[in-house]
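To start, the structure under review is shown below, and the notes come after it.
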Amino acid sequence: MSISFPGSRPRRLRTTPVMRRMVAETRVHPADLILPAFVREGISEPVAIESMPGVVQHTRDTLKKAALEAVEAGVSGIMLFGVPLDEKKDAVGTPGTDPDGILQVAIRDVRAEVGDELIVMSDVCLDETTDHGHCGVLDAQGRVDNDATLERYAEMAQVQADAGAHVLGPSGMMDGQVGVIRDALDQTGHEDVAILAYTAKYSSAFYGPFREAVASSLKGDRKTYQQDPANVRESLRELALDLEEGADMVMVKPAGPYLDVLARVAAEVDVPVAAYQISGEYSMVEAAAQRGWIDRDKAMMETLAGIKRAGASMILTYWAVEAARQLRLS
């Protein structure tokens with residue numbers, strides 16, 4: 001019996017590391033990466049986040065150092081989240097609109113340290129600053145009041161832009177948030193400040209470690225305003241609305257469990273598309289690696305490649321600086 005061996009052999013293009021690198025269809029570059037970072041008011045040393053090994057709540061000084069490290073690694077941006085003192089939190093999130101609130105102070109610190117060498121992004125949301133932990137103002141029945149929240153977001157946008165943010169990231173999933181923030185920026189002389197819209201932000205189980213990172217006071221859940229994980233057409237409706245309201249960039253969050261959504265969004269638009277590899281995605285890899293179940297570094301890079309392959313032009317990841325260093329060596 002004669003055997004007919006294949007003439008076409010895809011394996012020929014996998015024979016060596018250099019061959020594989022030469023024909024790679026997807027490449028992650030340090031400039032694709034954005035570092036999410038937490039700064040906490042009232043601490044003198046960084047505080048480790050137990051559920052996110054290797055990630056800390058920064059002091060103002062260590063945040064500046066982290067920003068410099070990001071610049072040196074070739075990372076493009078840093079997304080800042082402020083953690084105020086518990087006693088300063090209230091029902092309307094006053095620290096979020098106080099020019100001397102921790103997030104606004106941190107924006108000024110980082111801009112003073114790195115100038116325009118790093119894109120400084122800031123979180124426009126109330127969850128870190130409210131005593132109830134929701135992303136908006138509550139009505140008399142305890143529900144998040146969409147339109148009252150928009151008024152707060154407009155104030156937040158102005159103070160964050162005044163502090164020097166290059167990009168604002170409204171993450172609260174309130175209807176109309178992009179348009180209200182765009183108007184607030186334009187009316188206060190901040191026409192050049194861009195908006196990264198959290199277009200498809202799902203009500204996900206993977207946010208758990210983030211709640212520790214921002215010392216969340218959340219009571220209940222956010223299912224009435226964050227998207228249902230079952231839906232994708234709804235994301236495309238959100239996308240159309242955000243673009244109509246003036247979004248400069250759009251985001252899918254989380255990244256890994258929603259690569260199909262990311263691919264759909266990327267296929268629809270001609271603006272940059274970001275994906276946020278969130279705390280739970282990071283922590284799963286770190287936890288499995290600590291137990292010796294997976295190769296941490298290879299898993300890190302594989303997840304980033306998968307997100308890029310699905311269509312992200314920017315990736316927010318807690319591995320941003322580490323991954324950027326590895327990419328520059330490869």
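The values are calculated or read from the model by the stated rules, or taken from the named source; none is laboratory data. Source: prediction; values computed, not measured. Counting neighbours? That spans all protein chains shown, and the Cβs are built from the backbone with ideal geometry, glycine included. Note: areas computed on protein heavy atoms with side chains; ligands, DNA, RNA excluded. Shrake-Rupley method; radii C 1.70, N 1.55, O 1.52, S 1.80 Å.
For segment 179-330, the solvent-accessible area with a 1.4 angstrom probe is 46 square angstrom per residue. Annotation: peptides 207-219, 103-115, ranked by per-residue average of other Cβ atoms within 10 Å with the highest first, follow the order 103-115, 207-219. The three principal axes of the Cα atoms in segment 245-298 give end-to-end lengths of 46, 17, 16 Å, sorted in falling order. With distances taken between every two different alpha-carbon atoms, the chain has a Kirkwood hydrodynamic radius of 20.5 Å.
So for segment 125-182, averaging the separation of alpha carbon pairs under 8 Å that are six or more residues apart and normalising by length, what relative contact order in percent results?
Relative contact order, segment 125-182: 31 percent.
Backbone N atoms of segment 218-250 closer than 11 Å to the 7 Å Cα→Cβ label point of A267 are not found in any residue. Number of Lys-Lys pairs in the chain with C-alpha atoms under 16 Å apart and a separation of 8 or more places or on different chains: 6. Between V23 and M284, the FRET efficiency estimated from the beta carbon spacing at R0 = 45 angstrom works out to 0.90. Using Cα pairs under 8 angstrom and six or more residues apart, how large is the relative contact order of segment 1-99, in percent? Reported relative contact order: 28 percent.
Each part gets one Cα centre, and for segment 293-312 versus segment 109-135 those centres are 26 Å apart.
Over segment 193-301, what percent of the accessible surface lies on carbon and sulfur atoms, probe 1.4 Å? So the carbon and sulfur contribution to the accessible surface is 51 percent. Relative contact order of the chain, taken over Cα pairs closer than 8 Å and 6 or more residues apart, is 18 percent. The simple Förster model, with R0 at 56 Å and r as the Cβ-Cβ distance, assigns R328 and I3 a FRET efficiency of 0.75. One decimal place: the segment R233-E50 gains 62.2 nm when fully extended, by the rule 0.36 nm per residue minus the C-alpha distance. Were the residues from E212 through D260 laid out at 0.36 nm apart, the gain over their Cα-Cα distance would be 14.5 nm. Gap in Å between the Cα centre of segment 263-284 and the Cα centre of segment 12-81? Computed from Cα coordinates, the inter-centre distance equals 16 Å. Against the main long axis of the alpha-carbon atoms of the chain, helix 177-187 sits at an angle near 60°.
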